[in-house]
Amino acid sequence: MTLDWSVVWDNRFRLLDGAAMTILLAVTTMAIAIPGGLLLAFLRLSPWRGVSATATAIVEFFRATPLILQIYWVFYVLPAAFDIGFSEFTTAIVGLSLNVSAFNSETFRAGILSIRQGQWNAGLALGMSKPQVMRQIILPQAVLRVLPSLASTWVSLFKDTSLVSIIAVADLSYVALKVRSESFRILEVLTAMAGLYLLMGYPQAKLVDWLHRKYKVVE
Amino acid sequence: MIVDFSPLWINWRFIVQAIGVTLVLSALSILLGLAIGVVCGVLRTYGGRLLDIIIGLYVDVFRSIPVLAVLIWIYFAFPLIIGQSLEPIAAGAIGLGIHLGAYVCETIRGGLTSIRSGQMRAALALGMSKAQAIRKIILPQAFVRILPPLGSLLVLAIKDSAIASVIAAPELLRQSQTLAGKTFRPFEIYSAAMLIYFLICYPVARLIDRLYRRLAPLGAS
């Protein structure tokens, strides 16, 4: 077997464009999924049973089905439901955001519930309104507690963006698969793809480990 | 939009077969992942510095690379190295298992290190060997403690088996694509597939929750 790595170097700009698309997908999705997750968490904690039950059902459904199928589903359902075609990028963002919002909402909910009841009582006793207590006392503390889980979700999301290659969004996997089928240098191109993911993912995984150590909850 | 679920009834045998493949693929990858994870987790915790570094490398590599990339690499690139092609289901089970193993390893390690060191000393003082102490005292308690994260990993493994559709393993998602292409009813078929996955994954998650609530006192020390 002879290896010819020049195909990787010749296509370096395409592969880097793909990597940039991967980063753009992850950043955009997280920017939507943080407010989305917060909203779902509030809905789940709502005192109205109908609201909290609906939010719970949505979250559980998206957590218990494969993301790759959700992406297909959005791809076929969105145009049919709204009667207009969306670009592949928009479809990918919608699919990823729905999924990550569901996971984020669990993280936020756990963070909010982890703050002891006494803090609520103390805030209310000082004459603050409920939204004030939430905004000024609970959330600032909860944010620090959820940081490690949120970071883990980010790393998963970064890897999961590869799944949108199935609907032809030109991310790193898609570009690599394309270069592979044009050049027939399968081993070289696919190894380069894995290497690029490793290069980007490794520092993030280490950062998450560090966050987990630094923000470990000690009570 | 006109909704017509009849292709599902007509092709029910095809779908049941696909569900079977999904279950087999998930089970194989979970078995492989658990085996790799337990061995690596124990060795990384108690096996000394060199093993810690080597296994740490394995874990970090597979935590950084997407499952999709792992599966594609094993199915398309790995056969060029060994000079023999792989069946999609075998390639899928191997890729998913190795990937899962890295996560199980870290979870097991977390569980093992959470057991107080006094327990190990007590076991050694009672005349047990280190291997005995790990097997009979430390691991059983650690298993109870890590049941919740382990449960999430099992559900994740079932969901990730759908990614094997990209290497043409004839599992539920892949066969749904085939049906959707043949019947022109993607909405109905993907919705049904979604429901089936939910009906598999959700009970598993709830079952492990309940098991944990039952066993939790056994993990307290």
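The values are calculated or read from the model by the stated rules, or taken from the named source; none is laboratory data. All figures in this text were calculated on a predicted structure; none of them were measured in a lab. When we count neighbours, we look across all protein chains shown, and the Cβ atoms used for this are built from the backbone with ideal geometry, even at glycine. Areas reflect the complete protein model, heavy atoms only, side chains present, ligands, DNA and RNA absent. Shrake-Rupley method; radii C 1.70, N 1.55, O 1.52, S 1.80 Å.
In this structure, A:Val175 does satisfy being more than 10 Å from every other protein chain (Cβ to nearest Cβ), open to solvent by less than 20 Å² (accessible area, probe 1.4 Å), touching a Gly at 6+ places or on another chain (Cβ under 7 Å) and not in a loop (DSSP other than H, G, I, E, B).
Among residues of segment A:178-214 being in contact (Cβ under 8 Å) with a residue 24 or more places away in the chain and within 8 Å of another protein chain (Cβ to nearest Cβ), the one that is farthest from the chain's Cα centre (by Cα) is A:Leu187. Scanning segment B:72-98 for residues that are more than 10 Å from every other protein chain (Cβ to nearest Cβ) and either open to solvent by less than 20 Å² (accessible area, probe 1.4 Å) or not in a helix (DSSP H, G or I) (or both) yields B:Gln84, B:Ser85, B:Leu86, B:Glu87, B:Ala91, B:Gly92, B:Ala93, B:Gly95, B:Leu96, B:Gly97. Just one of (1) away from every other protein chain (no Cβ under 12 Å); (2) of a type outside the set (Ser, Thr, Tyr); (3) open to solvent by 20 Å² or more (accessible area, probe 1.4 Å); (4) closer than 19 Å to B:Ala162 by Cβ fails for B:Leu51. It is (4). Taken as a whole, the condition of being part of a helix (DSSP H, G or I) and open to solvent by 50 Å² or more (accessible area, probe 1.4 Å) applies to B:Leu34. With respect to (1) at the interface with chain B (Cβ under 9 Å from one of its Cβ atoms); (2) of a type in the set (S, T, N, Q); (3) in contact with a Phe, Trp or Tyr (Cβ under 7 Å, 6 or more places away or on another chain), the lone exception for A:Thr153 is condition (1). A:Asp160 meets the conditions (1) within 12 Å of another protein chain (Cβ to nearest Cβ); (2) in contact with a Ser or Thr (Cβ under 7 Å, 6 or more places away or on another chain); (3) more than 30 Å from A:Asp4 (Cβ to Cβ) in every case but one. The failed one is (2). The number of residues in segment B:173-208 being open to solvent by less than 60 Å² (accessible area, probe 1.4 Å) and under 17 Å from the mean Cα position of the chain (by Cα) comes to 7.
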